[in-house]
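Asker: Quick one: structure below, then a few questions.
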Amino acid sequence: MARRASGGGRDRNFFEEVRERADRAGVDGQEMEYIREVALSHAENTRLPAESRKQWAKLSLQVNARMHGDGPWDQARMTRQSCGLRTMIIEELGPDPNDSDWNPAAVASDIMSAMALTPLQARELSVRWQDRPIAQIGLLRRIKNVTAPLERLQHHLPPGPLHDLALEWLNVRNHLP
């Protein structure tokens, strides 16, 4: 699947081709990852109009949600990729409180929902993390990965409990392996 240059109807046709290819991909992980990356590259393309970029981003989000398994590493990767993309769109194109994909509070809530620990529990586990069992170290790494978008997202959150929790996670994140 070759990348196409900007060109109105051609862009629209290419989007439809990629979307249809995603619909046919089924559970082929390699194919789904390729489609996710193509959609992501278009979502990141600052030469495209905002609505086109959002459309590509939504396709990338849909494919991302379909391609990961139920295991903790798969779920953490899915959340990190999804929330990272959503945060990038919010930063570059502005938040949209009417669309949960581009709503900073919804993104932050999705990050918080993915946490298996409280910030206090994670901070306590991070003390002498090198001496912890590998499963606990893995849990701390997943938390660090999933909370990465909070660094950029925090500036878009209004003052309140969610903003405070994001700041708390960012503080804890500095201590995670």
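The values are calculated or read from the model by the stated rules, or taken from the named source; none is laboratory data. For clarity, every value in this text was computed on a predicted model and none was experimentally measured. Positions of Cβ are generated from backbone atoms using ideal geometry, with glycine treated the same way; all protein chains shown enter the neighbour counts. Please note that ligands, DNA and RNA were not included when accessible areas were found on the heavy atoms of the full protein model with its side chains. Shrake-Rupley method; radii C 1.70, N 1.55, O 1.52, S 1.80 Å.
Asker: Please give the charge dipole size of the chain, origin at the Cα centre, charges +1 on K and R Cβ atoms and -1 on D and E Cβ atoms. Round to the nearest 20 debye. Present the calculation step by step, with values, prior to reporting the outcome.
Answerer: Values: 24 positive and 24 negative charges, 76 e Å.
So the dipole magnitude of the chain works out to roughly 360 debye.
Asker: Continuing with the same structure: Accessible area of the chain with a 1.4 Å probe: how many percent of it is carbon plus sulfur?
Answerer: On the way: 4720 of 9360 Å².
Result for the chain: 50 percent of the exposed heavy-atom area is carbon or sulfur.
Asker: What distance in nm separates the simple spin-label points at His155 and Glu92, each placed 7 Å from Cα in the Cβ direction?
Answerer: For the pair His155/Glu92, the computed spacing is 1.5 nm.
Asker: Round to a whole angstrom and tell me the spacing of the C-alpha centers of the range 58-96 and the range 10-50.
Answerer: So the separation of the two Cα centres works out to 14 Å.
Asker: In sequence order, what are the phi-derived ³J(HN,Hα) couplings for the range 90-104 according to the Karplus relation 6.51 cos²θ - 1.76 cosθ + 1.60 with θ = phi - 60°, rounded to whole Hz, with x for glycine and proline?
Answerer: Result, ordered by residue: 4, 5, 8, 10, x, x, 9, x, 8, 10, 4, 5, 10, 9, x Hz.
Asker: So, one more: Before I look further, what does the chain give for accessible area per residue, probe 1.4 Å, in whole square angstrom?
Answerer: On the way: 9360 Å² over 177 residues.
Heavy-atom accessible area per residue stands at 53 Å².
Asker: Quick one: angle between helix 161-173 and the longest Cα principal axis of the chain, in degrees between 0 and 90, rounded to 10, please.
Answerer: The answer is roughly 70 degrees.
Asker: Decide, for the range 105-146, between rounded, prolate and oblate: order the square roots of the alpha carbon gyration tensor eigenvalues as a ≥ b ≥ c, take rounded if a/c falls under 1.5, and otherwise choose prolate if a/b is larger than b/c, else oblate. All intermediate terms of the calculation are to be shown ahead of the outcome.
Answerer: Working: a/c = 3.24, a/b = 2.17, b/c = 1.49.
The shape class here is prolate.
Asker: Probe 1.4 Å, all protein chains in place: accessible area of Leu167 in Å², nearest 10?
Answerer: The accessible area comes out at roughly 70 Å².
Asker: Work from the charge dipole of the range 87-177 (Cβ charges, +1 for Lys and Arg, -1 for Asp and Glu, about the Cα centre) and give the residue of Ala105, His163, Thr118 farthest towards its positive end.
Answerer: Of the listed residues, the answer is Thr118.
Asker: How big is the C-alpha Rg of the chain next to the rule-of-thumb value 2.2 N^0.38 Å, as a ratio?
Answerer: Normalised Rg, Cα atoms only: 1.13.
Asker: Per DSSP H run of n ≥ 4, the term is -39500 (n - 2.57); total these for the chain, divide by its residue number, and report the mean residue ellipticity at 222 nm rounded to 500 deg cm²/dmol.
Answerer: Details: 9 runs with 120 residues, N = 177.
Here the helix-only value at 222 nm equals -21500 deg cm²/dmol.
Asker: For the range 113-177, what is the charge dipole size about the Cα centre, in debye to the nearest 20, if Lys and Arg each add +1 at the Cβ and Asp and Glu each add -1 at the Cβ? Numbers along the way, then the final one.
Answerer: On the way: 8 positive and 5 negative charges, 51 e Å.
That gives a dipole near 240 debye.
Asker: Assuming 0.36 nm per residue, please report the length gained on full extension of the stretch Ala116 to Leu48 beyond their Cα-Cα distance. Let's see the in-between values first.
Answerer: Values: separation 68, 0.36 × 68 = 24.48 nm, distance 3.78 nm.
Length difference between fully extended and current span is 20.7 nm.
Asker: If we sort 81-93, 127-139 on the protection proxy, mean other Cβ atoms within 10 Å, highest first, what's the order?
Answerer: Highest mean packing first, the order is 81-93, 127-139.
Asker: Sticking with this one: Which percent of the Cα-Cα distances in the range 34-120 go past 20 Å? Present the calculation step by step, with values, prior to reporting the outcome.
Answerer: Working: 1279 of 3741 pairs.
Of the Cα pairs, 34 percent sit more than 20 Å apart.
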